[in-house]
Amino acid sequence: MHDSILYSFIIIREAAAALSSTTKEKDPTILRADIIGLRNIITHHYFDIAEDIIWDTIVMDLPSFKLKIIKIIDSIK
C-alpha cells in the first residue's frame, strides 16, 4: 500500500482534531470514532492494515467527508 495514502489519512484525522470547538459544533460528526480508530491503526498497527478496508474508506467515506469539510469551510467564509 502506498505510504502517501496512509499518511493522508493521518493528516485528515489530525486536521479534523485541530478544528476549533466552534467549527466542530457545525458538524459534530467531523471527528467520529472511526476516523480516530483508522488513524490509530495506521500509526500503531501498520502491518495489520487491510488494504480492502482502506480502499472502501477511500471510495465510500471520503466523498461524503469532503462534502462536510466544504460545507464547514463555506460557512466560515
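Throughout, read-outs are computed from the coordinates displayed, never taken from laboratory work. Bear in mind that the values here come from a model prediction, so they are computed numbers and not experimental data. Backbone-built Cβ (ideal geometry, glycine too); neighbour counts: all protein chains shown.
Points worth noting:
- Within the stretch 20-35, the only residue that satisfies the criterion of being under 16 Å from the mean Cα position of the chain (by Cα), in a helix (DSSP H, G or I) and among the basic types (Lys, Arg) is Lys24.
- Test result for Ile58, surrounded by 10 or more Cβ atoms within 10 Å (Cβ to Cβ), under 11 Å from Phe9 (Cβ atoms) and in contact (Cβ under 8 Å) with a residue 40 or more places away in the chain: yes
- Filtered by the rule that a residue be small (Gly, Ala, Ser) and more than 16 Å from the chain's Cα centre (by Cα), the stretch 44-64 gives a lone residue, Ala50.
- Residue satisfying condition, being over 22 Å from His2 (Cα atoms), assigned to a helix (DSSP H, G or I) and under 16 Å from the mean Cα position of the chain (by Cα), within set Leu38, Leu67: Leu67
- Among residues of the stretch 31-55 that are free of Cβ contacts under 8 Å to residues at least 60 places away in the same chain and over 21 Å from Lys68 (Cα atoms), those with a beta-carbon under 8 Å from a residue that is of a type in the set (Val, Ile, Thr) and part of a helix (DSSP H, G or I) at least six positions away or on a different chain give the pairs Ile42/Ile10; Thr43/Ile10; Asp48/Ile41; Ile49/Ile41; Ile49/Ile42.
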